[in-house]
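K.L.:
Mind having a look at this structure? Questions to follow.
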Amino acid sequence: MPGRISRRDIDEVRARVNIADVIGDYVTLKTGGVGSLKGLCPFHDERSPSFNVRLPPINRYHCFGCGEGGDVFEFLVKMDQVSFQEAVERLAARVGIELHYEEGGGPSSDHGNRARLLAANKAAEEFFRSQLATPEAQLGRDFLGGRGFDRAAADRFGVGFAPRSFSALGDALKGQGFTQAELIEAGLLSTNDRGNAYDRFRGRLVWPIRDVTGQTVGFGARKLLSDDDDKGPKYLNTPETPIYRKSQVLYGLDLARRAIASGKQVVVVEGYTDVMACHLAGVATAIATCGTALTVEHIKVIRRVLGDSEGTELAGRGEVIFTFDPDEAGQRAASRAFAEEQRFTAQTFVAIAPEGLDPCDLRLNRGEDAVRTLITMRRPMFEFMIKRRLAGHDLETVEGRSAALRASAPVVADIRDPALKDGYVRSLAGWLGLDPVDVGRAVKSAARATPKTDERRPAGDISRGAAPEQPPARPSAGLMDLPTDPATRGERDALMAVLQHPDPVGEELLQRLSEVRFTNATLGVVRDGIAVSLPADAAFVDRVAEAVPAEFASLVRQLAVAPIPTRPDRLAAYCESVVADLVVRDLLRRRGELVGAMQRAQSEGDRARWESLSRQSAELEMERRRLRRE
């Protein structure tokens, strides 16, 4: 069994890793306040960002929509389905920390696990790339050259060649220490009916498919031989594995991610060579699906990277551009994309090259300027779909125009934005030569006639109009559930300061806070958790979350990441002040109670008790003045 990583090393890795750098590989983050970033949650579908990330020294995340939260280790465990120990080992390697293991053990066994499968894919990529220079790969080099790609382009995108052998890859990787079981689990080997293993990719050009962090998780392979010599499909991909899920992976996203986030644009093309052509032509935001239609999971990934969210100043300013072949298959792809169009907040467009050319052919035949022009000359998705409906009718006849109106009105009726819908009513009237009032009437009629979502779509279908995935209900003890009265706000802000920045608060105030009587009972539970978890260190928040009852743990984590309302240069002073204010408020409460008790003692003639209470009151007043620095 693997040994446990020492607690000191775990704390050092946690302190050395910037959580925003890790989460930024998966989510586009924007400034969300002092020491805080925000973005679309990777754990549930949402249209407005509720996912908060606190920068060091807090180094935690929390989603106020679904309740997920934790430190950088927990993020990787949940995001990549790895064990805690694997998460620590990955991050330690990232920042160059040598780990020490207790009980005489060593690193966790990675037989069959994610790290081992990733290593196998990386080794396979190196093997395929080395094979592209062999004489046997001349057919592959000819194919690339015929598509306008030189060796530098192949190297840039990691293109390789799989020999025709049934065992070349397997033998090479077994020689590096990988087992047959691991290679089968990674999708690099297949098995026949008798259980014999053989190389899955043979006699093909091979493209590495990488996740958003740049790790190779699978491959796409293009047939080069005749059907007699290779009876497989034109494109063969890695099967579903623990690290490769084609409904979530997008080819080229590792290369395009930063350009997409900064340019607020993504171009969705149909193939690997189209992605290559676009990038080489300067369209650095191009990506493609891997042998499947665009899915809801793909859209979630795109929206997170694009930062496509409602309720921000950037809402609706992003662009999603689809390129389609003009043939029947391309038109079906366009219809599928249109079915998911309203899952985006960003504006959606369609770009179709002339003469049936895809981006790769366009670059080859007309040059790189033509590829850039294709994207520049994009058309809005709604306009494209409406004109596609109109194209099937003879607009020179009354009957044809009437039929065209009936066919296109449902498209306009399905537009959610009222201003956009009114604009397309006028545009459709112009294209048909009809009165806008008549077209508007037809659109309203189409809207009334359209069945409800659950009546026109079988259960589980994800077509247009489907409600976005609903996040789990918030726990009963949540930050958003707290009252907004001044007393509760003061207690909340003080706890946020203590959990996030205990050092400037100071040991004395931390101790004094544990004695403060809270008006909000829920926050009082957190106060008690803090009291039993001192002193504050790197694991302080985790100890507090463990100390409180389970239903309050989420609130602790929310308080530990919620943005603090002050400027960075005033952060230390603010944290000390907000806790001191709460302590002073409690001192005033206690002094008020003493004054009442003194009045009763005086009325009863109890001089000794009155003097004792008076001294206590004076001490509290001196304490108040000291804290106020009066």
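The values are calculated or read from the model by the stated rules, or taken from the named source; none is laboratory data. Note that the coordinates shown come from a computational prediction; the quantities given were computed from them, not determined experimentally. Glycine gets a Cβ as well: all are built from the backbone with ideal geometry, and neighbour counts include every protein chain shown. Surface areas here come from the heavy atoms of the whole protein model, side chains and all, with no ligands, DNA or RNA. Shrake-Rupley method; radii C 1.70, N 1.55, O 1.52, S 1.80 Å.
K.L.:
Viscosity 1.002 mPa s, temperature 20 °C: give me the Stokes-Einstein translational D for the stretch 472-585 in µm²/s, with Rh taken as the Kirkwood radius over C-alpha pairs.
P.N.:
On the way: Rh = 13.9 Å.
Roughly 154 µm²/s, to the nearest whole number.
K.L.:
Amide H of LEU189: which non-local residues (sequence gap of 5 or more, or other chain) have their own amide H closer than 5 Å, using H built in the peptide plane?
P.N.:
Placed amide hydrogens put ILE184, ARG200 under 5 Å from LEU189.
K.L.:
Which order do you get for LYS234, LYS421, LYS223 if you rank them by accessible area with a 1.4 Å probe, largest at the top?
P.N.:
Sorted descending by solvent-accessible area, the residues read LYS234, LYS421, LYS223.
K.L.:
Right, another one. Here are some pairs, LYS174/LYS231; LYS246/LYS300; LYS421/LYS444; LYS122/LYS234; which of them have Cα atoms lying more than 20 Å apart in this structure?
P.N.:
Result: LYS174/LYS231; LYS122/LYS234 exceed 20 Å.
K.L.:
Further question: With charges set only on the Cβ (+1 for Lys and Arg, -1 for Asp and Glu), what does the dipole of the stretch 348-454 come to about its Cα centre, in debye to the nearest 20?
P.N.:
The calculation lands at about 360 debye.
K.L.:
Applying 1/(1 + (r/R0)^6) with R0 = 60 Å to the Cβ-Cβ distance of ARG245 and ARG589, what FRET efficiency is obtained, to the nearest 0.05? If you can, show how the numbers build up before the last one.
P.N.:
Details: r = 57 Å, r/R0 = 0.95.
The calculated FRET efficiency here is 0.60.
K.L.:
Can you run phi through the Karplus equation (6.51, -1.76, 1.60; θ = phi - 60°) for the stretch 5-11 and list ³J(HN,Hα) in whole Hz, with x for Gly and Pro?
P.N.:
Couplings: 6, 4, 4, 5, 5, 4, 5 Hz.
K.L.:
Follow-up. Within the stretch 332-372, list the residues whose amide N lies under 15 Å from a label point set 7 Å along Cα→Cβ of VAL296.
P.N.:
339-344
K.L.:
I need the phi-derived Karplus couplings for the stretch 35-40: 6.51 cos²θ - 1.76 cosθ + 1.60, θ = phi - 60°, integer Hz, Gly and Pro marked x.
P.N.:
x, 9, 10, 9, x, 6
K.L.:
Can you give me the % of accessible surface on the stretch 511-591 that is carbon or sulfur? Probe 1.4 Å, all protein chains present, nothing else counted.
P.N.:
54 percent
K.L.:
So if R0 is 51 Å, what FRET efficiency would THR134 and SER48 give, r being the distance between their Cβ atoms, rounded to the nearest 0.05?
P.N.:
The pair THR134/SER48 has a calculated efficiency of 0.45.
K.L.:
Between beta-carbons, use under 10 Å as the cut-off and find the net charge around LEU169, counting Lys and Arg +1, Asp and Glu -1. Mind showing how you got there, number by number?
P.N.:
Working: positive: LYS174, ARG200, ARG202; negative: ASP171, ASP199.
Charge balance in the 10 Å sphere: +1.
K.L.:
Starting from the amide H of PHE161, placed 1.01 Å from N in the peptide plane, find each other amide H under 5 Å away whose residue is 5 or more places distant or on another chain.
P.N.:
Those lying under 5 Å, H to H, from PHE161 are ARG129, GLN131, LEU132, VAL206.
K.L.:
With only Lys, Arg, Asp and Glu charged, each at its Cβ (+1 for the first two, -1 for the last two), find how big the charge dipole of the stretch 557-630 is about the Cα centre; round to the nearest 20 debye.
P.N.:
About 160 debye.
K.L.:
Where does the Debye-calculated log10 I(q)/I(0) of the stretch 117-179 sit at q = 0.17, 0.21 Å⁻¹, using only Cα point scatterers of equal weight, no solvent?
P.N.:
Here log10 of I(q) over I(0) equals -0.60, -0.83.
K.L.:
May I pose another question? For LYS223, list the aspartates and glutamates whose Cα falls under 15 Å from its own Cα; do not include residues on the same chain fewer than 8 positions away.
P.N.:
Straight-distance partners of LYS223: GLU136, ASP142, ASP199.
K.L.:
Now for a different question. Pop out the ³J(HN,Hα) list for the stretch 93-100 in order, Karplus 6.51 cos²θ - 1.76 cosθ + 1.60 with θ = phi - 60°, rounded to Hz; leave Gly and Pro as x.
P.N.:
After applying 6.51 cos²θ - 1.76 cosθ + 1.60, I find 5, 5, 9, x, 9, 7, 8, 10 Hz.
K.L.:
Rounded to the nearest 10 degrees, what's the angle between the helix 398-413 long axis and the longest principal axis of the chain, both from Cα atoms, 0 to 90?
P.N.:
30 degrees
K.L.:
If you don't mind, there's one more thing I want to ask. Please compute the length gained on full extension between THR376 and ALA168, using 0.36 nm multiplied by the number of residues separating them and subtracting their Cα-Cα distance.
P.N.:
Values: separation 208, 0.36 × 208 = 74.88 nm, distance 4.52 nm.
Length gained, THR376 through ALA168: 70.4 nm.
K.L.:
What ranking do 398-407, 377-386, 553-562 get when scored by the average of other Cβ atoms within 10 Å per residue, highest first?
P.N.:
Going from most to least packed, we get 553-562, 377-386, 398-407.
K.L.:
Follow-up. Report, in deg cm²/dmol and to the nearest 500, the calculated mean residue ellipticity at 222 nm for the chain, where each DSSP H run with n ≥ 4 adds -39500 (n - 2.57) and the sum is divided by the residue count.
P.N.:
Theoretical 222 nm ellipticity from helices: -15000 deg cm²/dmol.
K.L.:
Indicate, rounded to the nearest 5 percent, the antiparallel portion of the DSSP beta bridges found entirely in the chain.
P.N.:
75 percent
K.L.:
Given all pairs of different Cα atoms, what value in angstroms does the Kirkwood hydrodynamic radius of the stretch 40-102 take?
P.N.:
Kirkwood hydrodynamic radius for the stretch 40-102: 12.9 Å.
K.L.:
Expressed as a whole percent, how much of the Cα-Cα distance distribution for the chain exceeds 45 Å?
P.N.:
On the way: 71991 of 198135 pairs.
Roughly 36 percent, once rounded to a whole number.
K.L.:
Give the aspartates and glutamates reachable from LYS38 as a straight Cα distance under 16 Å; neighbours fewer than 8 places away on the same chain don't count.
P.N.:
ASP21, ASP25, GLU46, GLU68, ASP71, ASP308, GLU310, GLU313
K.L.:
Right, something else. Express the C-alpha Rg of the stretch 383-425 as a ratio against the empirical globular expectation 2.2 N^0.38 Å, rounded to two decimals.
P.N.:
In units of the 2.2 N^0.38 Å rule of thumb, it is 1.17.
K.L.:
Next question, about the same structure. Taking H placed 1.01 Å from N in the peptide plane, check which residues at least 5 places from ILE209 or on another chain put their amide H under 5 Å from its amide H.
P.N.:
For ILE209, whose amide H was placed from the backbone, the distant partners under 5 Å are VAL217, GLY218, PHE219, GLY220.
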